[in-house]
């Protein structure tokens, strides 16, 4: 197994924030959705996820640094203490709970010992933590994802609509196996929402900045607009300014009480990149345009 510190590219004294920052940077670059068909990137992404699952959990990181578990989270042989060595000597009074019989002369101590034995025999499995990156549109609409586990197994995860960056999903009984009747632990999935240059979330509303031409702003027209559920056609009213906000009902993120927020489309007038002599000639001869002062109203 690779050293998780080397996989994430951080020093052993790195803070949790530094580890999270390193993981997010690598996840954004190596995520399979952003590298379709790139097996090398997919394998590196798996290694990064495993490393973050270990170092992103303070308790696991502490145990790894102490040599109690390896880079895959597997228990390492523990140092033996007095009671362990005593087990090599038959007849030693401390090789079992019977050695403490002198403390159990009454029902209270006997019950304590009995409960201790039951707890050890029926210990619940450990909760396992994983990180999962999803696209912005997947966080809004929901999706199905599959996590590859360190042991080669897989874990199917249902992402409900409306997930936010940093939120945690708990999958019951999908963690480490327990002992006896203890039952398995849970799988804790921390969600990272990858940014999308087209969208920004404001509560349950999705914000989109839409470039429009000068002709579309002045004369109006229909233009194609991206939404989390696919492109739609939007009517631009004539004489629209930069900053004008148009609303697409129900195209935002889910509300807790039901329904969806809206998509707010902010117009941004964009002139042609190359100079246009016809446009220059028109503007130079447009007297009313010269008389209009957008910073202080129109001149008389």
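Among 240, 215, the order by Cβ neighbours within 10 angstrom, fewest to most, reads 215, 240. With a simple spin-label model that places each label point 7 Å from the Cα along the Cα-to-Cβ direction, the separation between residue 232 and residue 59 comes to 4.6 nm. The length gained on full extension between residue 256 and residue 28, counted as 0.36 nm times the residue separation minus their Cα-Cα distance, comes to 79.2 nm. Each of the peptides 5-11, 184-190, 227-233 was scored by the mean count of other Cβ atoms within 10 Å over its residues; in descending order, highest first, they stand as 184-190, 5-11, 227-233. Label sites at residue 2 and residue 179, each approximated as a point 7 angstrom past Cα along Cα to Cβ, lie 3.5 nm apart. Go ahead and run the numbers for FRET between residue 164 and residue 215, Cβ-Cβ distance against an R0 of 45 Å, rounding to 0.05. Once the sixth-power term is evaluated, E becomes 0.70. First check a/c for region 164-220, with a ≥ b ≥ c the square roots of the eigenvalues of its C-alpha gyration tensor; if it is under 1.5, answer rounded, and if not, answer prolate when a/b is larger than b/c or oblate otherwise. It comes out prolate by the Cα gyration axes.
Mind giving me the FRET efficiency for residue 270 and residue 21? R0 is 35 Å, r the Cβ-Cβ distance, nearest 0.05 is fine.
Efficiency computed from Cβ-Cβ geometry: 0.55.
Spin-label model, residue 12/residue 154: points 7 Å from Cα along the beta carbon direction are separated by 3.7 nm.
According to the square roots a ≥ b ≥ c of the eigenvalues of the Cα gyration tensor, what is the shape class of region 252-300, taking rounded for a/c under 1.5, prolate for a/b larger than b/c otherwise, and oblate for the remainder? The shape class here is oblate. Given R0 = 25 Å, the distance between the Cβ atoms of residue 40 and residue 70 translates into a calculated FRET efficiency of 0.55.
Bear in mind that the values in this text are calculations on the coordinates, not laboratory data. Since the model is a prediction, treat every value here as computed from it, not as a measurement. Note: ideal-geometry Cβ built from the backbone for every residue, glycine included; neighbour counts use all protein chains shown.
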